[in-house]
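J.: To start, I am sharing the structure in question, which I have written as structure tokens.
The values are calculated or read from the model by the stated rules, or taken from the named source; none is laboratory data. Keep in mind that what you see is a predicted model, and the values were worked out from it rather than measured. Don't worry about glycine lacking a Cβ; one is built from the backbone with ideal geometry, like all the others, and counts go over all protein chains shown.
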Amino acid sequence: MQNLKLKFFKIYIPFLTIAFGCILFYYGFRLLFDIKLGLLPLKEDVLNIWIPITFIWIPVFIWLRKPIRIVNLRGKNGDGHFLTLLLMCIVIVIPTVISQKYLEKNAYSINEIATSVELDELPNEKYFKINQFEVVNTLNHTYVSTRISGKYNEHLNVTMYIACPFNKSSLAWYGIQYDLQLRNKDTETNKRQAIRRFLVNSNKDFKSHDFQDVTYFEKLNHSDNRDGFIRAIKEKIPIINEDEEIILIPKKKLFETRFGSSISAGFIIFGIGLLIILLLVMIPKIDKKELANFKKNKPPKDDDFTDTLSYFNPFGAHKATAILLISNILVFIIMVLKGISVVSPTAVELLEFGGNRQSEIAIHGELWRLFTSTFIHAGFMHLALNLFGIAVYNSFLEKILSPTKLILAYVTCGCTASIASVMFHENTVSVGASGAIFGLSGIILAFIIFKVYPKYSRGMIWTLLIAYGGLNLVIGFLSAGIDNAAHVGGLLTGFIIGTFLSIFCKEELVQKASKKY
């Protein structure tokens, strides 16, 4: 009974405190600074999903990683404690995200107005019922966007945005949206034909659209869809104040049904999650050794959290890795703050931010794109995979090469990968650190061939190169939307750099490798 009480008060109660504290804190923070004061001009998916995912793991790992070790949760691979902490994060994220959906819909009431002219006087409202309105559908503005999504870029998403002005309203637009999803690895001919049919059918549907079949309107806040409608408007009216434009989406269902069933279902899942965490904490036995260390406030011997953080310390043992990781993350944060999609930016967005394309390099002479494109990523998953690659490959190089040499090699490989991309692709917007990462693998490959690494470590390094680098090359050749020209260009450049270093600095490299491995 004493052990149950210990686990309950040292682990489960702190978990509940963090869970409800995070949910209530972020709900209140968003209500005040976004809804009431309008000081968070970020996209809805960032506010609803990505910020909760980003900050929730911090209190969980800081305050629970030590007490969770007193429970015997080692697992088959010794990762039971980490997986339990990860599950705790997921359990907290779900209601936090659901609460944001509820907040967005509950914080605003419906505004009944006589005509669309009154819209200009209600810039901070979200829902409207307009008794009389007229849409000038002959002055429609159209924009078509394409986004690539899926773990392996397997989906091509095509969206047509049509914005029509409300009569006598200078800022309000009636928004209609059509969507199509294609298999990205299909042939270019088939994709073009499918897109052409989609555009023709969408235009036919638009011509027969009943603009008066509306129960109420929802105003779009900062989002990818709002950006699409703004781009449609700017096709014909280039000079507008984007923040002032009012994009209204017609809704046919009753206003009272706007919440749907997802909110109640989300909190049921949260309750189940709380029960699972309770069982995970209460059922396993106490680890007496870890309990003694916990009471003495001794730090854990194997602390994955602290080890991971060390890779982000530019003054620690992983200087080059930290600089490269932080640089890529900071660029991505700036992209998000600029309104670029977290999940699947369009080619236009990436190009405007500094992406790489043949015409910009060859015709306009914008050579700086060869460098900037290596720090730009097409979504969070793209960034996460490349951050993992940087950390893994640098772990085999940073203890042999100086931070300066390693960063110079990384940048060189990234730039030559960008050159290879524009040489082989006429109209592809290329971004990402993968070309530079393949360059790192090329250096490692050269060090293996020239026997820089000790014999006992070469087998393990070979396995890593084949498992990670080889698999990515195969996926690149089999999947659409992956720039294998950049991968091969970076790989060859890295191999040349590694060969040069192995020939002229081999003795020094071997000594460093033998000390560290």
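J.: When Lys236 is evaluated against the numbered criteria (1) more than 31 Å from the chain's Cα centre (by Cα); (2) surrounded by 11 or more Cβ atoms within 10 Å (Cβ to Cβ); (3) farther than 30 Å from Val348 by Cβ, which criterion, by number, is the only one it fails?
T.: So Lys236 meets the others, but not (3).
J.: Can you tell which of Asp186, Asp205 is among the charged types (D, E, K, R) and part of a helix (DSSP H, G or I)? Write out each step before concluding.
T.: Working: Asp186 fails: part of a helix (DSSP H, G or I).
Only one candidate passes the filter, namely Asp205.
J.: Out of (1) more than 21 Å from Tyr12 (Cβ to Cβ); (2) more than 22 Å from the chain's Cα centre (by Cα); (3) in contact (Cβ under 8 Å) with a residue 40 or more places away in the chain, what's the single condition that is false for Lys289?
T.: (3)
J.: Looking at the structure I just gave you, is Thr17 surrounded by fewer than 17 Cβ atoms within 10 Å (Cβ to Cβ), farther than 30 Å from Leu220 by Cα, without any contact (Cβ under 8 Å) to a residue 12 or more places away in the chain and polar (S, T, N, Q)?
T.: Details: surrounded by fewer than 17 Cβ atoms within 10 Å (Cβ to Cβ): yes; farther than 30 Å from Leu220 by Cα: yes; without any contact (Cβ under 8 Å) to a residue 12 or more places away in the chain: yes; polar (S, T, N, Q): yes.
Answer is yes for this residue.
J.: Tell me, yes or no, whether the stretch 237-245 has at least one residue that is in contact with a His (Cβ under 8 Å, 6 or more places away or on another chain) and not charged (D, E, K, R). Can you show your working first?
T.: Filtering the stretch 237-245 down to residues in contact with a His (Cβ under 8 Å, 6 or more places away or on another chain) leaves 237.
Restricting the remaining residues to those that are not charged (D, E, K, R) gives 237.
Yes: the stretch 237-245 contains one or more residues that are in contact with a His (Cβ under 8 Å, 6 or more places away or on another chain) and not charged (D, E, K, R).
J.: Okay, next question. Taking the conditions exactly as written (crowded, with 19+ Cβ neighbours inside 10 Å, touching a residue at least 60 places away in the same chain (Cβ under 8 Å), within 17 Å of Ile437 (Cα to Cα) and outside the structural domain of Gly228 (by TED's automatic domain parsing)), does Thr374 satisfy them or not?
T.: yes
J.: Looking for whichever is free of Cβ contacts under 8 Å to residues at least 12 places away in the same chain, of a type in the set (Gly, Ala, Ser) and part of a helix (DSSP H, G or I) here; the options are Ala384, Ala391. Which one fits? Even if it seems obvious, please write down each step before you answer.
T.: Details: Ala391 fails: free of Cβ contacts under 8 Å to residues at least 12 places away in the same chain.
The unique qualifying residue is Ala384.
J.: Is at least one residue of the stretch 1-9 part of a helix (DSSP H, G or I), over 14 Å from Gln100 (Cβ atoms), touching a residue at least 40 places away in the same chain (Cβ under 8 Å) and touching a Phe, Trp or Tyr at 6+ places or on another chain (Cβ under 9 Å)?
T.: Quick first cut of the stretch 1-9, residues part of a helix (DSSP H, G or I) only: 2-9.
Pick out the ones that are also over 14 Å from Gln100 (Cβ atoms) and you get 2-9.
Narrowing further to those that are touching a residue at least 40 places away in the same chain (Cβ under 8 Å): 3-4, 6-8.
Within this subset, residues satisfying the condition of being touching a Phe, Trp or Tyr at 6+ places or on another chain (Cβ under 9 Å) are none.
Within the stretch 1-9, not a single residue is part of a helix (DSSP H, G or I), over 14 Å from Gln100 (Cβ atoms), touching a residue at least 40 places away in the same chain (Cβ under 8 Å) and touching a Phe, Trp or Tyr at 6+ places or on another chain (Cβ under 9 Å).
J.: Regarding Ile269, is this residue in contact (Cβ under 8 Å) with a residue 12 or more places away in the chain, assigned by TED's automatic domain parsing to the domain that holds Trp63 and under 31 Å from the mean Cα position of the chain (by Cα)?
T.: On the way: in contact (Cβ under 8 Å) with a residue 12 or more places away in the chain: yes; assigned by TED's automatic domain parsing to the domain that holds Trp63: yes; under 31 Å from the mean Cα position of the chain (by Cα): yes.
Yes: the conditions hold for Ile269.
J.: Only one residue in Gly228, Gly271, Gly260 is within 28 Å of Ser99 (Cβ to Cβ), surrounded by 16 or more Cβ atoms within 10 Å (Cβ to Cβ) and of a type in the set (Gly, Ala, Ser), so which one is that? Let's see the steps before the verdict.
T.: Details: Gly271 fails: surrounded by 16 or more Cβ atoms within 10 Å (Cβ to Cβ); Gly260 fails: surrounded by 16 or more Cβ atoms within 10 Å (Cβ to Cβ).
Criteria check complete, one pass: Gly228.
J.: Follow-up question, since we're still on this one. Looking only at the stretch 243-259, count every residue that is in contact with a helix residue (DSSP H, G or I) (Cβ under 8 Å, 6 or more places away or on another chain), charged (D, E, K, R) and closer than 12 Å to Trp173 by Cβ and tell me the total.
T.: Residues that pass the stated criteria total 1.
J.: Continuing with the same structure: Which of the following residues is exposed (fewer than 15 other Cβ atoms within 10 Å of the Cβ), out of contact with any Pro (no Cβ under 8 Å at 6 or more places or on another chain) and outside any helix (DSSP H, G or I): Lys253, Lys289?
T.: Working: Lys289 fails: outside any helix (DSSP H, G or I).
On inspection, the qualifying residue turns out to be Lys253.
J.: Can I ask one more? I'd like the residue in the stretch 478-517 that is of a type in the set (A, V, I, L, M) and surrounded by fewer than 16 Cβ atoms within 10 Å (Cβ to Cβ) and, out of all such residues, is modelled with the highest pLDDT. Spell out how you get there, then give the answer.
T.: Going residue by residue through the stretch 478-517, those that are of a type in the set (A, V, I, L, M) are 478, 480, 482, 485-486, 488, 491-492, 496-497, 501, 503, 509-510, 513.
Filter once more, so that each one left must be surrounded by fewer than 16 Cβ atoms within 10 Å (Cβ to Cβ): 478, 503.
Values: Leu478: 50, Ile503: 92.
Per the stated criteria, the residue is Ile503.
J.: In addition: State yes or no: is Leu324 among the hydrophobic types (A, V, I, L, M, F, W, C) and in contact with a Phe, Trp or Tyr (Cβ under 8 Å, 6 or more places away or on another chain)? Spell out the reasoning first.
T.: Values: among the hydrophobic types (A, V, I, L, M, F, W, C): yes; in contact with a Phe, Trp or Tyr (Cβ under 8 Å, 6 or more places away or on another chain): yes.
Criteria met by Leu324.
J.: Considering (1) crowded, with 18+ Cβ neighbours inside 10 Å; (2) within 27 Å of the chain's Cα centre (by Cα), say which one Thr308 fails and leave the rest.
T.: The number of the failed condition is (1).
J.: Continuing with this model, one more query. So is Leu350 in contact (Cβ under 8 Å) with a residue 40 or more places away in the chain, part of a helix (DSSP H, G or I) and surrounded by fewer than 23 Cβ atoms within 10 Å (Cβ to Cβ) or not? Step through it out loud before you land on a result.
T.: Values: in contact (Cβ under 8 Å) with a residue 40 or more places away in the chain: yes; part of a helix (DSSP H, G or I): yes; surrounded by fewer than 23 Cβ atoms within 10 Å (Cβ to Cβ): no.
The answer is no for Leu350.
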